[in-house]
Amino acid sequence: MTGQRQFLFGLLSTAFFIAALMFPYEIAGARSDHDEKSIGAAFHEQTSLNWMGVLGDLVGAKPRKPPKYKRIGGEKMIKLPKPEHHGISLEEAIQKRRSLRNFSSKPLSLAELSQLLFAAQGITGKIYGTPLRTAPSAGALYPFEIYPVVNNVQGIPRGVYHYVIGEHGLELIKEGDFRKKISSAGLSQDMLGEASVTFVMSAIFARTTSKYGERGYRYVYIEAGHISQNIALEAVSLGLGSVTVGAFIDKQINSLIEVDGDKEATIYLHAVGKP
Ligand SMILES: Cc1cc2nc3c(=O)[nH]c(=O)nc-3n(C[C@H](O)[C@H](O)[C@H](O)COP(=O)(O)O)c2cc1C
């Protein structure tokens, strides 16, 4: 950078810093408490339940229910090894869990990936013929899909995959090295590219809103936490480390996993690797 450019850059950065201090809400694109309700507050209010709303919801228009299981099709499915790991006690895993952001370059085995996916959304039982999963879900409607972005897993090439929950398998969306793409989409958080695998968790909203209306959005966000905690504790049990990531450019991650960001959108990322 030339001296003149450097000076201009410094001047602009200082001006931005001062403006951010003086007008934080305006800079962030949010509204202050003194103005009309913020988007977050309006969302909370409009998805609050009251008896009128509950009754209205019974008759109100709702989206059509999409299929419970998604298949990308095309490529041959990779059957995952049976999840049969028996690790440390749950209490020990809870005690040990800590976010890890520095991963080594040691690969994950396919069995470890299998175990993590099973912990996230594996099928563990049935009620009246409906398969139930490891994490709770409002109305057992299971809005989540999981897309492992594989960097370093033994036996499978780098690429973006989709977890086929019903068959405990993986289907390949696209092969390739997406390390740069995923970390830059995650606001340059390098660990997303350095992890052996980053799980992109997306939701098909209408699976839940077809029953619960607007309130269903809340349920979806809550469920992301259930799933992610299962992954975090399973990672600890396997001697791995993980970190959850909520800061990402939505459009970029949605395009990476090839979803529209409207009917199906990324909610959360979870990077896992060896310490
Ligand atoms: C909703 C949510 C979003 C998060 N987003 C990020 C993130 O974008 N980057 C990151 O490094 N950590 C992220 N974290 C991890 C937190 O920073 C971390 O859990 C916190 O510092 C507590 O540390 P611990 O997990 O080691 O107990 C997120 C956690 C949650 C629950």
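Since every read-out is calculated from the coordinates, none of them should be taken as a lab result. The structure displayed is predicted, hence computed values, not measured ones. Here the Cβ positions follow ideal geometry from the backbone for every residue, glycine too, while neighbour counts run over all protein chains shown.
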Counting helices only, and only those DSSP H runs with n ≥ 4, report the 222 nm mean residue ellipticity of the chain as the sum of -39,500 (n - 2.57) divided by its residues, in deg cm²/dmol to the nearest 500.
-11500 deg cm²/dmol
Farthest toward the dipole's positive end in the chain, which of Leu100, Leu113, Thr209, given Cβ charges of +1 (Lys, Arg) and -1 (Asp, Glu) about the Cα centre?
Leu113
A 25 angstrom limit on the alpha carbon distance is what I want to check against. Which of Lys65/Lys181; Lys174/Lys211; Lys70/Lys251; Lys82/Lys126; Lys68/Lys96; Lys37/Lys211 exceed it?
Lys65/Lys181; Lys174/Lys211; Lys68/Lys96; Lys37/Lys211
Quick one: if you take sqrt(5λ) for each eigenvalue of the C-alpha gyration tensor of the stretch 65-273, what semi-axes come out, biggest first, whole angstrom?
24, 20, 17
Those residues of the stretch 135-173 whose amide nitrogen sits under 18 Å from the label point placed on Ser255, 7 Å along Cα→Cβ
160
Counting pairs of Cα atoms in the stretch 202-275, how many percent are more than 19 Å apart?
44 percent
Hydropathy at least -0.5 by Kyte-Doolittle, axial extent at least 30 angstrom from the Cα trace: which helices of the chain, defined as entire DSSP H runs, fit?
215-237
Descending packing, highest mean Cβ count within 10 Å first, for 227-240, 127-140 is 227-240, 127-140
